[in-house]
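The structure appears right after this line, and notes come after that.
The values are calculated or read from the model by the stated rules, or taken from the named source; none is laboratory data. Keep in mind that this is a model prediction, so the values were computed, not measured. Positions of Cβ are generated from backbone atoms using ideal geometry, with glycine treated the same way; all protein chains shown enter the neighbour counts.
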Amino acid sequence: MGLMGTLDTMSLGDLLAWISTARKSGVVTVASGKNRLQLSVGGSRILGAYSNEPPMLLGQFLLSRGKIDEVALHDALARQDSTREHLGKVLTEMGAITKDELDLYVVLKAEETIFNMLEWSEAMFEFDIHAEADPRMVRMDHGIDDLIMRGAQRGDELAQMRKVLGDPGVVLCRTEIELPAEARDSPMAARIYDAIDGKRTLADILLNSRASDYFATKFLYELLRAGVVRIKDVQETQPEPGSPRAILGAVNELLAAEQFEGAVSLLSASLKVFPDNAELQQMLTKAEADFLDHTYKNRLSPTRIPRLIVPADKALAREDIGPNERFILDLANQGTWDVKAMTRIAPLHEVDVVRATLNLLDKQLIEITGEERPADTPAVEVMGDELRRLAGEVHAAAVEGEVEDRLEGSGDGATPDEISAR
């Protein structure tokens, strides 16, 4: 018999502790809005993990660690569309990453997925002893109690760091103190620091890092403590929506009027307040499908290329755009990615990429060119050598040491054929 509930009444840590004590086996599924995370458990061990949350997908994880670049990710995902092979296998066959490197990073990704789950506080969960695990799940073998303890320590750290950094609308800027040169050995650290320009908010920078909130927040926290950055301003956050019943009524009116984007926007905001409302979640799934279908047919061709029509610094300085829009602005500034390519390489769900693109069109910050990228042309051929950025290597000794620690007692790990499909 299964167990269902919400994380505000029983935390994931408490649920896993109960499973460990009772030596139960089954599948734990946690869902909030579009995001879904799943764990396979057996006795006191976690045997597998999967997440469809964009930053936790394999491609985004490797990109954040500097093991691949955006070009390699795009080309691998394009190839995957036709071959249906797992992304890890595609990347190794392309020569973008070795099998040994992939196996090491798969271990880190699986562990980070679990820690990310433990940070969730508002979502629905289900534990089912009969459920089948997602076929894209990464196999592993970690002790539940150890992961709970380490996850709790990380959670306490994150809470303290967020108190210092403040609201997601905080705008950070650099000071006269230079970033230590050795910090740039990490591609993730370099990406985060480069995004600090006195215009982007904390939420913008976290999204741009493509990393988990923990690592990105910790780096920003240390920069703030060292005086390398400072808090410049705070942007206002959006007000919360009304009751679920009133929201559903408003959504039905929007859908009847074919105002699909308005319906998606209202439902997305509502699920942040009511993450365990099944009716809102079901309605969001329908509204997003209708929105994408209507948009691709009537307004935005997936094969067209968005380009900036105002200076990048002026566009990024606007206060009426959010983190998703600023991320798409960075891609549009390159002038080489079509809409479909953006949905592949951005650490966002497809619907969020399309919504951000439409918002930038409405604000007349970008235009959609008549150019199309041939469907079978690799991105590297279009971009040319000048725009192909070789991702920096993560400091070898640090990474290998970290992974070796994780591998002790972790079983056989995973192979490229067993990793997430993206």
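Here are the numbers for the structure shown:
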{"quantity": "Boolean, LYS314 is in contact with a Pro (Cβ under 9 Å, 6 or more places away or on another chain), part of a helix (DSSP H, G or I) and either over 16 Å from GLU53 (Cβ atoms) or not small (Gly, Ala, Ser) (or both)", "calculated": "no"}
{"quantity": "Which numbered condition ASP8 fails, given (1) closer than 30 Å to ALA289 by Cβ; (2) surrounded by 21 or more Cβ atoms within 10 Å (Cβ to Cβ)", "calculated": "(2)"}
{"quantity": "Residues of segment 355-365 satisfying the condition of being more than 16 Å from LEU207 (Cβ to Cβ) and either surrounded by fewer than 22 Cβ atoms within 10 Å (Cβ to Cβ) or modelled with pLDDT of 95 or more (or both)", "calculated": "LEU358, LEU361, ASP362, LYS363, GLN364"}
{"quantity": "Check on ARG184, under 30 Å from GLU279 (Cβ atoms), of a type in the set (Lys, Arg) and not in a strand (DSSP E or B)", "calculated": "no"}
{"quantity": "Test result for ASN277, under 21 Å from VAL30 (Cβ atoms), surrounded by fewer than 22 Cβ atoms within 10 Å (Cβ to Cβ) and not assigned by TED's automatic domain parsing to the domain that holds ASN35", "calculated": "yes"}
{"quantity": "Long-range neighbours under 7 Å by Cβ, at least six apart or interchain, first residue under 23 Å from LEU316 (Cα atoms) and touching a residue at least 40 places away in the same chain (Cβ under 8 Å) within segment 169-189, second crowded, with 16+ Cβ neighbours inside 10 Å and among the aromatic types (Phe, Trp, Tyr)", "calculated": "LEU179/TYR193; MET188/PHE215"}
{"quantity": "Subset of segment 36-47 [surrounded by fewer than 22 Cβ atoms within 10 Å (Cβ to Cβ) and in contact with a Ser or Thr (Cβ under 6 Å, 6 or more places away or on another chain)]", "calculated": "GLY42, SER44, LEU47"}
{"quantity": "Residues located in segment 255-285, provided they are more than 21 Å from the chain's Cα centre (by Cα) and without any contact (Cβ under 8 Å) to a residue 24 or more places away in the chain", "calculated": "ALA256, ALA257, GLN259, GLY262, GLN282"}
{"quantity": "ALA49 being part of a strand (DSSP E or B), touching a Leu at 6+ places or on another chain (Cβ under 8 Å), closer than 19 Å to GLU350 by Cβ and not aromatic (Phe, Trp, Tyr)", "calculated": "no"}
{"quantity": "Within segment 67-123, helices (runs of 4 or more DSSP H) holding 3 or more residues that are out of contact with any Ser or Thr (no Cβ under 8 Å at 6 or more places or on another chain) and without any contact (Cβ under 8 Å) to a residue 24 or more places away in the chain", "calculated": "70-83"}
{"quantity": "Criterion violated by LEU87 - all others in (1) at pLDDT below 90; (2) under 16 Å from the mean Cα position of the chain (by Cα); (3) among the aliphatic types (A, V, I, L, M) satisfied", "calculated": "(2)"}
{"quantity": "Residue within segment 148-165 that is more than 17 Å from SER212 (Cβ to Cβ) and of a type in the set (Asp, Glu) present", "calculated": "no"}
{"quantity": "Within segment 268-302, tally of residues that are among the polar types (S, T, N, Q), assigned to a helix (DSSP H, G or I) and touching a strand residue (DSSP E or B) at 6+ places or on another chain (Cβ under 8 Å)", "calculated": "1"}
{"quantity": "Selected residue (criterion: nearest to the chain's Cα centre (by Cα)) from residues of segment 11-34 that are surrounded by 15 or more Cβ atoms within 10 Å (Cβ to Cβ) and in a helix (DSSP H, G or I)", "calculated": "LEU12"}
